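Novice: Let me give you the structure first, and then I'll get to my questions.
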Amino acid sequence: MKARKATPLVRIELLILDVDGVLTDGRLYFSGQGEALKVFHVRDGHGIKLLMAAGVAVAAFSGRRSRAVAARIRELRVPHLVQACSDKVAALQRLTERLNIDPLNCACIVDDTPDLPLMSAVGMAGAVADAHPVVRSAAHWIAKANGGQGAVRELCDAILRARAGRR
């Protein structure tokens, strides 16, 4: 990822969330029937709701397909979910065109190297504390919390603080 200045948090109009390793701790639990079980942090969910209430769009992009993820995203009323996504940059481009948002006014929060292209495509690239070292070095912003343990809430709070300071 080329080093470039991050878009100020106050200008963020869309937050893209990776799922496994960001909204969850990255571990997958499989039942005897093969269903993957995931654990989500309630504070992350509340931060997402606060961010959307403040007018920031939120989307979740996942390389996997999971009914648990669909249920959690639906519960939070996040309107944009892309699962089994092999090209998150293309998904970002489709979504930003539909929402008429400049990708440079978007942020993402990720944890692993498959998301490096997405990090390069947005104006503010975030990482969870336990992200892969290459991801942390490419990030503009790094959470103090690990994935699935409040990192998303930290970023939501930072965006909300920046927006409050704008007024």
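The values are calculated or read from the model by the stated rules, or taken from the named source; none is laboratory data. Just so it is clear, the model here is predicted, and its values are computed rather than measured. So basically every Cβ, Gly included, is an ideal-geometry build from the backbone, and we count neighbours across all protein chains shown. Ligands, DNA and RNA are excluded from the accessible area calculation, which covers all protein heavy atoms including side chains. Shrake-Rupley method; radii C 1.70, N 1.55, O 1.52, S 1.80 Å.
Novice: For the stretch 152-161, take each phi angle, set θ = phi - 60°, evaluate the Karplus expression 6.51 cos²θ - 1.76 cosθ + 1.60, and give the result in whole Hz per residue in order, putting x for glycine and proline.
Specialist: 5, 4, 4, 5, 4, 4, 5, 5, 5, 4
Novice: Run the accessible area of the chain with a 1.4 Å probe and give the carbon-and-sulfur part as a rounded percent.
Specialist: 51
Novice: Ordered by residue, what ³J(HN,Hα) values in Hz, to whole numbers, does the stretch 38-43 give under the Karplus form 6.51 cos²θ - 1.76 cosθ + 1.60, where θ = phi - 60° and Gly and Pro are x?
Specialist: Per residue, the Karplus-derived 3J(HN,Hα) values read 10, 10, 10, 8, 4, 5 Hz.
Novice: Moving on to the next point. Please identify, among L155, L15, L37, the residue showing maximal mean-square fluctuation in a Gaussian network model of the chain using a 10 angstrom Cα cutoff.
Specialist: Result for the chain, Cα springs under 10 Å: L37 fluctuates most.
Novice: Could you check how many percent of all C-alpha pairs in the stretch 1-77 are farther apart than 19 Å?
Specialist: 44
Novice: What is the gain in length, in nm to one decimal, between I101 and D87 on full extension, counting 0.36 nm per residue of separation less the C-alpha to C-alpha distance?
Specialist: My answer for the length gained is 3.2 nm.
Novice: Roughly what angle does helix 67-76 make with the longest principal axis of the chain, taking Cα atoms, 0 to 90 degrees, to the nearest 10?
Specialist: Computed tilt is about 40 degrees.
Novice: Under a 5 Å amide H to amide H cut-off, with H placed in plane at 1.01 Å, what residues pair with I142 once short-range neighbours are removed?
Specialist: Close amide H contacts, sequence-distant or interchain: A127.
Novice: Another one. Given the C-alpha centroids of the stretch 110-132 and the stretch 1-65, what is the distance between them in whole angstrom?
Specialist: 11
Novice: Also, quick follow-up: Taking every pair of distinct Cα atoms and averaging 1/r, then inverting, what Kirkwood hydrodynamic radius in Å comes out for the chain?
Specialist: Evaluated on the chain, it is 15.6 Å.
Novice: Shifting gears a bit: Which loop trypsin sites (Lys or Arg not before Pro) in the stretch 31-114, with loop taken from DSSP, have no more than 15 other Cβ atoms within 10 angstrom of their Cβ?
Specialist: Taking the stretch 31-114 and a limit of 15 other Cβ atoms within 10 Å, the loop trypsin sites (Lys or Arg not before Pro) found are R64, R65, R77.
Novice: Further question on the same structure: Give the long-range amide H neighbours of H80: residues separated by 5 or more places, or on another chain, with amide H under 5 Å away, using H modelled in the peptide plane at 1.01 Å from N.
Specialist: Amide H neighbours of H80, under 5 Å, 5+ apart: A60.
Novice: Along the Cα→Cβ direction, 7 angstrom out, place labels at V39 and A70. What is the inter-label distance in nm?
Specialist: 2.5
Novice: Moving on. Over the chain, average the accessible area per residue using a 1.4 Å probe and give it in Å², no decimals.
Specialist: Per-residue value: 50 Å².
Novice: While we're here: Looking at the stretch 86-167 from every direction and averaging, what is the projected area of its Cα convex hull in nm²?
Specialist: Reported value for the Cα convex hull: 5.7 nm².
Novice: Follow-up question, since we're still on this one. Report the extension gain between S31 and H46 in nm, rounded to one decimal, defined as 0.36 nm multiplied by the number of residues separating them, less their alpha carbon distance.
Specialist: Length gained between S31 and H46: 2.6 nm.
Novice: Further question: ³J(HN,Hα) across the stretch 136-147 via Karplus (A = 6.51, B = -1.76, C = 1.60, θ = phi - 60°), whole Hz, x for Gly/Pro?
Specialist: 4, 5, 8, 7, 7, 9, 10, 5, 7, 8, 6, x
Novice: Using a ≥ b ≥ c from the Cα gyration tensor of the stretch 44-107 (square roots of the eigenvalues), is it rounded, prolate or oblate, where a/c under 1.5 gives rounded and otherwise the larger of a/b and b/c decides, a/b for prolate?
Specialist: Oblate shape, in that a/c is at least 1.5 and b/c is the bigger or equal ratio.
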